[in-house]
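Reading through the structure tokens given below for one structure.
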Amino acid sequence: MKVTELVDTTQDPPVRGFLHSPGSASAGGLVLTHGAGGNAEMALLVALAEAFADAGFAVLRCDLPFRQVRRFGPPRPTDAARDRKGLSNAVTVMRKEFPGKIYLGGQSYGGRQCSMLLAEDASIAEGLVLLSYPLHPPNRPEQLRTQHLPKLATPTMFVEGTSDPFGTISEIEAARKLIPAKTQLVTVEGAGHDLGFKGKKGRADLPGIILENFLRFFV
């Protein structure tokens, strides 16, 4: 496996991140992105990219456009459409370089933007991985972020902690029923919004569990 920095300024917004190239012919590609408070160097994204690359997938960990502009702080409401365009551009870069199916995934805010993008255009990616989907703000279960889910025709895998304040498992199950494509839910017992992953300290087995379920569900 080889990791290289990737910068593509031929598109607007540009694509910036880190590309994990498998040692052998690619089994497909995965674009991964981060949540509202993170970036492409989040520990879980790095570990997932390594696990998937070892399994033969090319993986691009990319910074969303809002993070390319501002190193710190959450996205603004006006950033969302440009962030989705940036994800679409990242998939375009991967399709130019790697044959096979391309999957799209992200944590929290990044995953939500992935799901909204594919609800708009299902042809962009063959599968969707949602890590800690932010179903609603903490303590505001009435503010559901599900309006686009009935238009999501892409096979979708959710990975959710059982103690996530952004959505209970029963709420996620209800949201899954809104999606017309096939779905799967992988639960992480006792984990919160960060899925309990802290590198080698706690849930170090999580990337392998996600990969195993991904292969069973998509491949």
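The values are calculated or read from the model by the stated rules, or taken from the named source; none is laboratory data. Computed from a prediction, not measured in an experiment: that's the story for all the values here. Counting neighbours? That spans all protein chains shown, and the Cβs are built from the backbone with ideal geometry, glycine included.
Checked against the criterion of being over 22 Å from Leu19 (Cα atoms) and either among the polar types (S, T, N, Q) or at pLDDT 95 or above (or both), the candidates Gln143, Gln113, Gln107 yield just one match: Gln143.
For segment 167-197: of the residues being assigned to a helix (DSSP H, G or I) and in contact (Cβ under 8 Å) with a residue 24 or more places away in the chain, which is farthest from Phe214 (Cα to Cα)? If we take residues in segment 167-197 being assigned to a helix (DSSP H, G or I) and in contact (Cβ under 8 Å) with a residue 24 or more places away in the chain, then Glu171 is farthest from Phe214 (Cα to Cα). Residues of segment 81-92 include at least one that is of a type in the set (A, V, I, L, M), closer than 26 Å to Pro138 by Cβ and over 15 Å from the mean Cα position of the chain (by Cα). For segment 47-69, taking the residues that are among the hydrophobic types (A, V, I, L, M, F, W, C) and not in a helix (DSSP H, G or I), the one that is farthest from Ile209 (Cα to Cα) is identified as Leu64. May I ask you to verify whether Gly100 is surrounded by fewer than 24 Cβ atoms within 10 Å (Cβ to Cβ) and touching a strand residue (DSSP E or B) at 6+ places or on another chain (Cβ under 8 Å)? Yes; evaluated as a whole, the condition is true for this residue. Against the test of being surrounded by 24 or more Cβ atoms within 10 Å (Cβ to Cβ), modelled with pLDDT of 95 or more and out of contact with any strand residue (DSSP E or B) (no Cβ under 8 Å at 6 or more places or on another chain), the options Arg61, Arg67 yield a single qualifying residue, Arg67. Scanning segment 1-22 for residues that are farther than 14 Å from Asn39 by Cα, β-branched (Val, Ile, Thr) and either surrounded by 15 or more Cβ atoms within 10 Å (Cβ to Cβ) or in contact (Cβ under 8 Å) with a residue 12 or more places away in the chain (or both) turns up Val3, Thr4.
State yes or no: is Pro165 out of contact with any helix residue (DSSP H, G or I) (no Cβ under 7 Å at 6 or more places or on another chain) and surrounded by fewer than 22 Cβ atoms within 10 Å (Cβ to Cβ)? It is true that Pro165 is out of contact with any helix residue (DSSP H, G or I) (no Cβ under 7 Å at 6 or more places or on another chain) and surrounded by fewer than 22 Cβ atoms within 10 Å (Cβ to Cβ). The sole residue among Ala174, Ala181, Ala122 that is farther than 18 Å from His34 by Cα, of a type in the set (Gly, Ala, Ser), at pLDDT 95 or above and within 16 Å of the chain's Cα centre (by Cα) is Ala122. The set of residues in segment 184-204 that are within 17 Å of the chain's Cα centre (by Cα) and either polar (S, T, N, Q) or closer than 19 Å to Ala51 by Cα (or both) comprises Gln184, Val186, Thr187, Val188, Asp194, Leu195, Gly196, Phe197.
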